[in-house]
Amino acid sequence: MITQAASNLPTPRIHHGINHPGVEYTDDLPTEDQIAATKPDFVDVSHHQNDIDWDAYKNTGAKGAIIKVTEGGDWVDDRFAGYRKSLSDRGLKCGLYHFARPNGTDMNADATVEANNFLAQVGTMSANEFPVLDFETANKLSPEKLGQWAEKFMSIVAEKTGKTPWFYSYSNMLKKIDCTNLTKYPLWLANYQSCDKQNPPSAAPWSSMVAWQYSEKGSVPGITGNVDTNYMYGSWPGDAPAQQPPAQPAPPPAA
């Protein structure tokens, strides 16, 4: 069952979201033709995508998508409920993300307010759904404070939902965060310097990433205009881990 937002919540402030404020754009990015030639494993969307033909999207073979739910302490994406139901109706996986706005001096209290905003909207998650923290804004805070904020948010959401949240950020932002207590969560990395699935960027300080957002200028059936496109390296929550090829036998010892 899809749990709708409580009717007694305050009306959310509607404003334009920030799209990848820290991603560096250089002259050696993939061309539009190179990006168009890729087949993403999934997209992530918000109200910016407006109406989506989810049947056309599913027919591409995609198994799911990630949708924006909330931002800061009181903003709610007005498309999230409709997108969520559309994905549920089609049996598709659904990531539900919150865009962080860390601020103030008490990181634990601030993160709690934003976590509660997110949790109030998503309610009970189905087996096909999972939470995501989108962490892109440093707001001149120290690495230690940013790490504390993110860990507090993630721990609250994990405890309340019983699900392991993904952590999304871009390569340069990860250098600004103390990730000591974050690498236990799956990393979804944004880095637009390539679109070669076989050669993903470094996930450091993570040992690996669950997914890579390689472009914000992708194109897929069912969605008008540019959209964020992603490769999956792990498994969707609830799916069995992908089978790895069998290990090759060790060569016989030299005579």
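How many of the residues in the stretch 102-123 are within 18 Å of the chain's Cα centre (by Cα) and closer than 18 Å to GLU144 by Cβ?
Number of matching residues: 2.
Could you list, in sequence order, all residues of the stretch 28-61 that are assigned to a loop (DSSP other than H, G, I, E, B) and without any contact (Cβ under 8 Å) to a residue 60 or more places away in the chain?
THR31, ALA37, LYS39, SER46, GLY61
So that you can scan it fast, the table gives a plain yes or no per residue for (1) surrounded by 15 or more Cβ atoms within 10 Å (Cβ to Cβ); (2) in a helix (DSSP H, G or I); (3) in contact with a Phe, Trp or Tyr (Cβ under 8 Å, 6 or more places away or on another chain):
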site: HIS98; (1), (2), (3): yes, no, yes
site: ASP110; (1), (2), (3): yes, yes, yes
site: LEU119; (1), (2), (3): yes, yes, no
site: VAL132; (1), (2), (3): yes, no, yes
site: ALA138; (1), (2), (3): yes, no, no
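Suppose the filter is surrounded by fewer than 19 Cβ atoms within 10 Å (Cβ to Cβ) and at negative phi; does ALA150 pass it?
Here the answer is no, as ALA150 does not meet what is asked.
Would you be able to say whether some residue in the stretch 2-23 is at pLDDT below 95, among the charged types (D, E, K, R) and either surrounded by 11 or more Cβ atoms within 10 Å (Cβ to Cβ) or not in a strand (DSSP E or B) (or both)?
Yes, the conditions are met somewhere in the stretch 2-23.
Assuming VAL210 fulfils every condition listed in (1) of a type outside the set (D, E, K, R); (2) modelled with pLDDT of 95 or more; (3) more than 18 Å from PHE135 (Cα to Cα) apart from one, which condition is it?
Among (1) of a type outside the set (D, E, K, R); (2) modelled with pLDDT of 95 or more; (3) more than 18 Å from PHE135 (Cα to Cα), VAL210 violates only (3).
Of the residues LEU187, LEU174, which single one is surrounded by 19 or more Cβ atoms within 10 Å (Cβ to Cβ), more than 20 Å from GLY64 (Cα to Cα), modelled with pLDDT of 95 or more and not hydroxyl-bearing (Ser, Thr, Tyr)?
Result of the check over LEU187, LEU174: LEU174.
Just one of ALA56, ALA36 is small (Gly, Ala, Ser), modelled with pLDDT of 80 or more and farther than 30 Å from ALA127 by Cβ; which is it?
Unique residue meeting the criteria: ALA36.
Give the residue, chosen from SER208, SER169, that is in contact with a strand residue (DSSP E or B) (Cβ under 9 Å, 6 or more places away or on another chain), closer than 28 Å to ALA36 by Cα and surrounded by fewer than 18 Cβ atoms within 10 Å (Cβ to Cβ).
SER208
Which of the residues that make up the stretch 79-130 are among the hydroxyl-bearing types (Ser, Thr, Tyr) and over 18 Å from PHE167 (Cα atoms)?
TYR83, SER86, SER88, THR105, THR124, SER126, listed by residue number.
Which residue, of ASN230, ASN139, ASN226, is at pLDDT 95 or above and either under 27 Å from ASN116 (Cβ atoms) or of a type in the set (S, T, N, Q) (or both)?
ASN230
Any idea which of (1) outside any loop (DSSP other than H, G, I, E, B); (2) in contact (Cβ under 8 Å) with a residue 60 or more places away in the chain; (3) under 29 Å from ARG90 (Cβ atoms); (4) not β-branched (Val, Ile, Thr) is the one ALA127 doesn't satisfy?
In the conditions (1) outside any loop (DSSP other than H, G, I, E, B); (2) in contact (Cβ under 8 Å) with a residue 60 or more places away in the chain; (3) under 29 Å from ARG90 (Cβ atoms); (4) not β-branched (Val, Ile, Thr), ALA127 misses (1) alone.
Name the residues in the stretch 121-130 that are surrounded by 22 or more Cβ atoms within 10 Å (Cβ to Cβ) and of a type in the set (S, T, N, Q), would you?
GLN121
The values are calculated or read from the model by the stated rules, or taken from the named source; none is laboratory data. Only a predicted model underlies this, so the values are computations on that prediction, with no experimental measurement involved. Quick reminder, even Gly has a Cβ in these numbers, built from the backbone with ideal geometry, and neighbours come from all protein chains shown.
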